[in-house]
Amino acid sequence: MKGILLICTGKYDCFLQPLIDSLNTHFFPNHEIVIYLFGDKEHYELKLSNRISLIIIPTKHAPWPASTLFRYRMFTNSAEKMKICDHVAYLDVDMILVGDVADEIFDGDPDIIFTRHPGFFNNSNWGSQNVNTASNAYLEDNLKERYVAGGFNLGKADKFLEMSRILADNIDDDYRRGIICEHNDEAHTNCFANKIVKYEYSNWKIKYLTPSYCMITDKEARIKFGLEGLPAIIYCIEKNHEELRK
């Protein structure tokens, strides 16, 4: 059983059915999947195929950036529900699959899989430049090896939930001390991918996907970032962030 975690509160439900349709076609087509929907609606009119199960986890809508900043706490609080899965993935709800995410993604038996950020794949730049040195997400320059995107990551269920617990604790500790990172949870995810696994989970196998799994739609931007040779498997949908976050 493959699990996928979706956070969909406020106006983001407009993306939900198209994403589910694409998941049915492309997300581990040979497996049953369960969608864990962290949502704020009392009822959802969704069309699901026979291979998709839906577990709704009631989640109050909170002003941005709370819904992204505290995502790992949401996952950790619902960890018991995910123990039926052998692998668990998180995917931003405003994305859509246009190619298969299939068993081959687990070649090499990785514990956690991260996706390289499309804007920082073919250059030496770093996405979170202004992280407070007192933050649990702070990275020294010599540890900034691969900048990863926050929109798609996955792994073995027990390892993914262990990562979620660590990051939830780190983010909560920052918040109690009045620290909210630039790029929110993504900064903490990068700290885990570049530092924490190196020093605390060095026995874990980590895999990094290309931006094919978090591809931007704008052709000129793909050329600018040197991505035109990569096939798209998951697209980030263009949207008006300010309107959706109201």
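Rule-based calculations on the coordinates, nothing more; no lab input. Computed from a prediction, not measured in an experiment: that's the story for all the values here. Counting neighbours? That spans all protein chains shown, and the Cβs are built from the backbone with ideal geometry, glycine included.
Can you list residues whose amide H is under 5 Å from L46's amide H, if they're 5+ apart or on another chain and H is modeled 1.01 Å from N?
Hits under the 5 Å cutoff: none.
Can you tally the net charge around F225? Count Lys and Arg as +1, Asp and Glu as -1, for every other residue whose Cβ sits under 13 Å from the Cβ of F225.
Details: positive: R116, K219, R222, K224; negative: D218, E220, E228.
Once positives and negatives cancel, what remains is +1.
What relative contact order, as a whole-number percentage, does segment 37-83 give when Cα pairs under 8 Å and 6 or more residues apart are counted?
Values: 20 pairs, mean separation 18.5, N = 47.
RCO, segment 37-83: 39 percent.
Take the chain, connect every pair of alpha-carbon atoms lying under 10 Å apart with a spring to form a Gaussian network, then pick out the residue of A168, A66, A157 with the largest mean-square fluctuation.
A66
Highest GNM mean-square fluctuation, the chain, Cα pairs closer than 10 Å: which of V197, V148, V88?
Looking only at V197, V148, V88, the biggest GNM fluctuation is shown by V197.
Long-range amide H contacts for V148: which residues qualify at under 5 Å (H placed 1.01 Å from N, peptide plane, sequence gap of 5 or more or a different chain)?
Placed amide hydrogens put H117 under 5 Å from V148.
Under 12 Å from the Cβ of T210, count the other residues' Cβ atoms, weight Lys and Arg +1, Asp and Glu -1, and hand me the total. If you can, show how the numbers build up before the last one.
Numbers: positive: R116, R146, K207; negative: none.
Around T210, the charge tally is +3.
What residue among N142, N170, N77 shows peak mean-square fluctuation when the chain is described by a Gaussian network model with Cα springs under 10 Å?
N142
Shape verdict for segment 64-126, please, from the Cα gyration tensor: rounded (a/c under 1.5), prolate (a/b greater than b/c) or oblate.
Numbers: a/c = 1.79, a/b = 1.13, b/c = 1.58.
It is oblate, given that a/c is not under 1.5 and a/b is not larger than b/c.
Amide H of L209: which non-local residues (sequence gap of 5 or more, or other chain) have their own amide H closer than 5 Å, using H built in the peptide plane?
F114, T115, R116
Where the centre of each part is set by its Cα atoms, how far does segment 77-96 sit from segment 151-185, in angstrom?
Segment 77-96 and segment 151-185 have Cα centres separated by 14 Å.
Of K2/K41; K2/K144; K81/K144; K144/K224, which sit over 27 Å apart, Cα to Cα? Numbers along the way, then the final one.
Numbers: K2/K41 24 Å; K2/K144 31 Å; K81/K144 34 Å; K144/K224 22 Å.
Check vs 27 Å cut-off fails for K2/K144; K81/K144.
Which loop trypsin sites (Lys or Arg not before Pro) in segment 100-150, with loop taken from DSSP, have no more than 15 other Cβ atoms within 10 angstrom of their Cβ?
On the way: sites: R116, K144, R146; in loops: K144, R146.
Taking segment 100-150 and a limit of 15 other Cβ atoms within 10 Å, the loop trypsin sites (Lys or Arg not before Pro) found are R146.
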